1. 7 Å from Cα along Cα→Cβ at both E246 and L210: what's the point-to-point distance in nm?
2. Can you tell me the order of 141-151, 101-111, 292-302 when each peptide is scored by its average per-residue count of other Cβ atoms within 10 angstrom, highest first?
3. What number, in percent, do you get for the relative contact order of the chain if the mean sequence gap of Cα pairs under 8 Å and at least 6 apart is divided by its residue count?
4. For region 190-212 and region 248-310, write down the distance between their C-alpha centroids in whole Å.
5. Taking 0.36 nm per residue of sequence separation and subtracting the Cα-Cα distance, how much length would be gained by fully extending the chain between N185 and K172, in nm to one decimal?
6. Please state the shape class of region 180-280: rounded when a/c is under 1.5, otherwise prolate if a/b exceeds b/c and oblate if not, all from the C-alpha gyration tensor.
7. Please determine, in degrees from 0 to 90 and to the nearest 10, the orientation of helix 128-137 with respect to the longest principal axis defined by the Cα atoms of the chain, where the helix direction is its Cα long axis.
8. Using the scaling law 2.2 N^0.38 Å as the reference, what is the normalised Cα Rg of the chain?
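Where a number appears in this text, it was derived from the coordinates with a stated rule and is not lab data. For clarity, every value in this text was computed on a predicted model and none was experimentally measured. No Cβ is skipped: glycine too gets one built from the backbone with ideal geometry, and neighbour counts run over all protein chains shown.
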Amino acid sequence: MFVCSFVATFSRSSIKSLYKHSTFKRTMSSAPPIVTPAWLFENLKSVKVVDSSWYVPMEKRSQVKPEFIRCRIPGAVFFHIDEICDRNTHLPHNLPTPAEFEKAVGELGIKETDHVITYDQEGKYVASARVWWTFRVFGHKNISVLEGGLPAWLANSFPIESGERAPPIPAKYIHSHFHKELVRNLEDVTKNLETQEFEVVDARPRDRWLGKQPEPRPGLLQGQIPHSKSVPAFEVQRDGKIFEKEELLEKLKSSGVNLDKPIVTSCGSGVTAAIVSLALYARLGKDTSLYDGSFAEWGDPKNNKPVLQV
């Protein structure tokens, strides 16, 4: 279903709550991690807007670009995570190299000094949170996510564009620094089985973490990384809004997450994991790492990694 018909799913009270502004503890960024539709409307001419929509495999909806053409925030460009990625691995949408990122983002007309606002078409942060994390990995200082995505924008009757978008004017993009501390790999997570240096927080639906539901990618094992904790990405948000601090803390506590340890988020392929990373950063001021290969890598029988079922 096309997102323009989703507006009715947002209650009037939930939309009003999107206007609240919070203060955030920020590390690399000088921009808030989340901005409201009202803020974006007021600042639309001074920012670069990026539609980062992507559909998880079980939705069986691979064509996101036509929906971008049919309905988008004015001036938006499209960031396709399956195209701006590492093409030398079989793993889905892993991080591109710095050179690939610079080239692709420059072609979208974005400079490293721009304030970039990323959004998604369904208001669930897929894959706007992933793109937020990606920009941060490459040292982009001003990157924010639109709270509630396109449905929240439409619910406020803010203007839209439709039709084929003219190619953006290319820009020169130079990434400032690769923040390796925001990324974890197979070796890191394997070593952690012994050291227990960090908490692995799994953002997949709980039944997949329990091993009761098959992975959407054929050939993967069912279950979880040993010692990981289950915090499904769609259970840290409601009506297009990330949980506030107290509710998020309660969710993490009930899931057994030890916030005194560093956190590494994981999921099926590194997309919804970024939603949990966004929630922790925006509401608790806690930076996390993300396991880029996630279960698409860990659950591959060829890698011979332990997988638990509960």
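1. Using points 7 Å along Cα→Cβ, the separation is 3.0 nm.
2. 141-151, 292-302, 101-111
3. That works out to 21 percent.
4. Centre-to-centre distance over Cα atoms comes out at 7 Å.
5. Extra length available between N185 and K172 comes to 1.7 nm.
6. Because a/c hits 1.5 or more and a/b fails to exceed b/c, region 180-280 counts as oblate.
7. 80 degrees
8. This ratio for the chain stands at 0.95.
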